[in-house]
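The block underneath contains the structure these notes are about, expressed in structure tokens.
Read-outs throughout are calculated quantities, based only on the coordinates presented, and are distinct from any laboratory measurement. As the structure is a prediction and not an experimental result, all values here were calculated from the model. As a convention, Cβ positions derive from the backbone with ideal geometry for all residues, glycine included, and neighbour counts pool all protein chains shown.
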Amino acid sequence: MFSKILIANRGEIALRILRACRELGIKTVAVHSTADEDAMHVRLADEAVCIGPPASRDSYLNVAAILSAATITGAEAIHPGYGFLSENADFAETVEAHGLTFIGPTAEHIRMMGDKITAKTTMQMLGVPLVPGSDGELTNLEEAREVADKVGYPVLIKAAAGGGGRGMKVAQTADDLEDAWKMARAEARAAFGNDAVYLEKYMDRPRHIELQILGDNYGNVVHFGERDCSLQRRHQKLLEEAGSPALTAEQRDAIGQTATQALSKMGYRNAGTLEFLYQDGQFCFIEMNTRLQVEHPVTEMVCDVDLVREQIRLAAGEQLGYTQKDISFSGHAIECRINAEDPDSFTPCPGTVAVYHPPGGLGVRVDSALYTGYRVPPFYDSMIAKLIVHAPTREQAIARMQRALDEFVVEGIKTVIPLHRRILEDPEFQKGEYTIHWLEQFTAKPH
Ligand code: MV4
């Protein structure tokens, strides 16, 4: 096992990783920008190294500074968290080249899944169902026309280097195809320096369901069920649940078995998430994330597993030590992301937290690096806390979340807590009847 880990992140996830390290008896090194000198992860770490000015590019994305910090402190491994360098294959490679361990998959697998075309082709080969569309990259408009005619309109042109909704254009009819083609390619070239695109049939009312998996270095792969992440706005998730209100245990077992077999054949290591669009009882793979995700706590609650501890153990070369039949699902979990934003306009609202009083009690978990008097800096993501509840049934989880939101006090800055309250009392949400479009429509309605 490692004796010291550098945490290449900030905020609640840096604290989450720090807590897992403490419980494993591993020393921690925090890195931080000058804007984060008073951050909780800096205060609680065994050692802290300032790696640059506030802008992420100069600090949390500064590979040379992070590697220097690891070297001078004698850290043996680096946990990247999510965002920042977590899905940067070159970073993973550089970390390993310096004789350190990157806590995550191999650079090769990160690179493979970073290219959405390679990701799809690989998954198809391994028997994972896909959205109907082009067989890999499209090199000209005529090819795109042929595929679109075959799968039927509307269709989407997507950038190979995209993901998270960037570089994606819809063509409602054949008349729109040329414009969508040109715009997607131009946008992809400008945003990613790579104009490779592919085509998919547009699914009009899917849910976004993702599957959590873990693999060790010896070909053992297990899954921890699904998260329903359909409630998002402008590709920013707001509320997630485990399990999905739309799935049965049999459907979970079936897609889980397909996914674990595929990833085992790949030799996939550490944590990963397969993203699916789910509509009319069909799973269609769209992308894979090769990192720990923001919403991992809902999975931890229903599976009673510490995913960060597992990531560290697996990166240290330990075996999983259990099989799929040892993993069971208990109750229901919901996560509300608490962002420092106006709950109606979503304008970020950095500033000083005058009062912070997190909720507690049975089945309530708060992942946050906030404290009374903390100044939320304007330079980073606006998510300041995650409120997670666990209860025997979805109905009880909703009641528990409503109770916890009522207890939650954050004064001095605006947060999206009032929006979460409105969502939780909505009859459609309560019935679990929603798609990826539900939240956009909900937030556009007057109230
Ligand atoms: C789609 C789709 C409908 N049909 N692909 C958006 C982000 C990227 N990860 C994939 N996305 C979508 N791909 C097909 N063939 C609709 C979306 C989509 C979406 C997906 C997941 C969660 C929220 C979304 C919001 C808008 C569009």
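Between the alpha-carbon centres of segment 28-52 and segment 287-356 there is a gap of 22 Å. Rg/Rh for the chain stands at 0.95; both radii use Cα atoms, and Rh follows the Kirkwood definition. Largest first, the extents of the alpha carbon coordinates of segment 85-205 on the three principal axes equal 54, 34, 27 Å. Looking at segment 343-447, which trypsin sites (Lys or Arg not before Pro) are in a loop (DSSP not H, G, I, E or B) and have at most 10 other Cβ atoms within 10 Å? Sites meeting the loop and neighbour criteria: none at all. For segment 169-274, the set of trypsin sites (Lys or Arg not before Pro) satisfying both a DSSP loop assignment and a count of at most 10 other C-beta atoms within 10 Å is given as Arg234. Within segment 114-217, the GluC sites (Glu not before Pro) that combine a DSSP coil assignment with at most 15 other C-beta atoms in a 10 angstrom radius are Glu137. Extension gain, Tyr371 to Glu440, is 21.7 nm, computed as 0.36 nm per intervening residue step minus the present C-alpha separation. Beyond a 20 Å Cα-Cα separation, which of these cross-linked pairs lie in this structure: Lys169/Lys201; Lys237/Lys414; Lys158/Lys265? Pairs exceeding the cut-off: Lys158/Lys265. Of interest is the spacing of the C-alpha centroids, which for segment 397-427 and segment 164-187 amounts to 38 Å.
Stretching Arg309 away from Ser264 to a fully extended chain increases their span by 14.1 nm, per 0.36 nm per residue minus the current alpha-carbon distance.
Here segment 195-255 yields Rg over Rh of 1.06, to two decimals, using C-alpha coordinates and the Kirkwood radius. Subtracting the Cα-Cα distance of Glu143 and Cys50 from their residue separation scaled by 0.36 nm leaves 28.3 nm.
Computed from the C-beta positions of Ser68 and Arg234, the FRET efficiency with R₀ = 30 Å rounds to 0.25. For segment 151-225, the Kirkwood radius over C-alpha pairs fed into Stokes-Einstein at 37 °C and 0.692 mPa s yields D = 231 µm² per second.
Using 7 Å Cα-to-Cβ label points, what is the Ala190/Ala174 separation (nm, one decimal)? Here the modelled spin labels are 3.0 nm apart.
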